[in-house]
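Chemist: Quick one: structure below, then a few questions.
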Amino acid sequence: QVQLIESGGGLVEPGGSLRLSCAASGSGGSIVRWGWYRQAPGNQRELVARIHSERDKLIASAGKGRFTISRDNSKNTVTLQMNALEPEDTAVYYCNALIGLGEYWGQGTQVTVSL
């Protein structure tokens, strides 16, 4: 059974940085696509970034110029580097992986941007 384990969330001041990581275990096949989503209280879950390969990745408009996404296929991990964080980035961040025909989610990690 596939499990996605996120790490790296926490409390940071505005302008600060955080690095979120997600590791997949129990994968029965190659990870076609990784993604990061977030959900703030009262809001719908929204895409933050996704990556198929280093040449095929997308950063949603809210994070452009501030966030980067990368993957390590040898370790089955994905990383979201978030810089210049703003209070509006406060949310629970979820890792997502497309493996074969199945889509999997992590349990979420809280990111809070506040003084």
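Chemist: Mind giving me the nanometre distance, one decimal, between the label points for ALA23 and LEU98, set 7 Å out from Cα along Cα→Cβ?
Modeler: Placing both labels 7 Å beyond Cα along the Cβ direction yields 2.6 nm.
Chemist: Highest mean first, how do 83-92, 64-73 rank when packing is the count of other Cβ atoms within 10 Å averaged over residues? Walk me through the numbers on the way to the answer.
Modeler: Numbers: 83-92: 16.2, 64-73: 14.7.
Top of the packing list down: 83-92, 64-73.
Chemist: Now for a different question. Non-local amide H neighbours of GLU103 (under 5 Å, H modeled in plane, Pro and chain starts lacking H): which ones?
Modeler: Those qualifying (amide H under 5 Å, at least 5 residues apart or on another chain) number zero.
Chemist: Among the GluC sites (Glu not before Pro) within region 1-57, which fall in a DSSP loop and have no more than 16 other Cβ atoms within 10 Å of their own Cβ?
Modeler: Within region 1-57, the qualifying GluC sites (Glu not before Pro) (loop, at most 16 other Cβ atoms within 10 Å) are GLU54.
Chemist: Right, something else. Evaluate the Kirkwood expression for the hydrodynamic radius of the chain, namely the inverse of the mean inverse distance over all pairs of different C-alpha atoms, and round to one decimal in Å.
Modeler: 14.1
Chemist: Also, quick follow-up: With only Lys, Arg, Asp and Glu charged, each at its Cβ (+1 for the first two, -1 for the last two), find how big the charge dipole of region 50-97 is about the Cα centre; round to the nearest 20 debye. Let's see the in-between values first.
Modeler: Numbers: 7 positive and 6 negative charges, 42 e Å.
In debye, rounded to 20, region 50-97 gives about 200.
Chemist: For region 79-95, what does the Karplus curve 6.51 cos²θ - 1.76 cosθ + 1.60, with θ = phi - 60°, yield as ³J(HN,Hα) per residue in whole Hz, taken in order and with x for Gly and Pro?
Modeler: 10, 10, 9, 10, 10, 6, 5, 10, x, 5, 7, 4, 4, 8, 9, 10, 8
Chemist: Relative to the present Cα-Cα distance, how much length would full extension add between GLN1 and LEU115 at 0.36 nm per residue of separation? Please report the intermediate quantities before stating the final value.
Modeler: Working: separation 114, 0.36 × 114 = 41.04 nm, distance 3.99 nm.
So the chain would gain 37.1 nm between GLN1 and LEU115.
Chemist: Here's something else I'd like to know. Given +1 on the Cβ of Lys and Arg, -1 on the Cβ of Asp and Glu, and no further charges, what dipole in debye does the chain carry about its Cα centre, rounded to the nearest 20?
Modeler: The dipole of the chain has a size of about 280 debye.
Chemist: Over region 12-71, with the other protein chains present, what is the accessible area per residue in square angstrom, probe 1.4 angstrom? Please report the intermediate quantities before stating the final value.
Modeler: Details: 3350 Å² over 60 residues.
That works out to 56 Å² for each residue.
Chemist: Using the beta-carbon distance between SER74 and ARG45 and R0 = 22 Å, what value does 1/(1 + (r/R0)^6) give for FRET efficiency, to the nearest 0.05? Could you put the intermediate results ahead of the total?
Modeler: Working: r = 29 Å, r/R0 = 1.33.
FRET efficiency, SER74 to ARG45: 0.15.
Chemist: Roughly speaking, to the nearest percent, how much of the chain's 1.4 Å accessible area is carbon and sulfur?
Modeler: Numbers: 2970 of 6240 Å².
Heavy-atom surface of the chain belonging to carbon and sulfur, 1.4 Å probe: 48 percent.
The values are calculated or read from the model by the stated rules, or taken from the named source; none is laboratory data. For clarity, every value in this text was computed on a predicted model and none was experimentally measured. Methodologically, a virtual Cβ is constructed for each residue, glycine included, from the backbone with ideal geometry; neighbour enumeration extends over all protein chains shown. Keep in mind that these areas ignore ligands, DNA and RNA; they rest on the heavy atoms of the full protein, side chains included. Shrake-Rupley method; radii C 1.70, N 1.55, O 1.52, S 1.80 Å.
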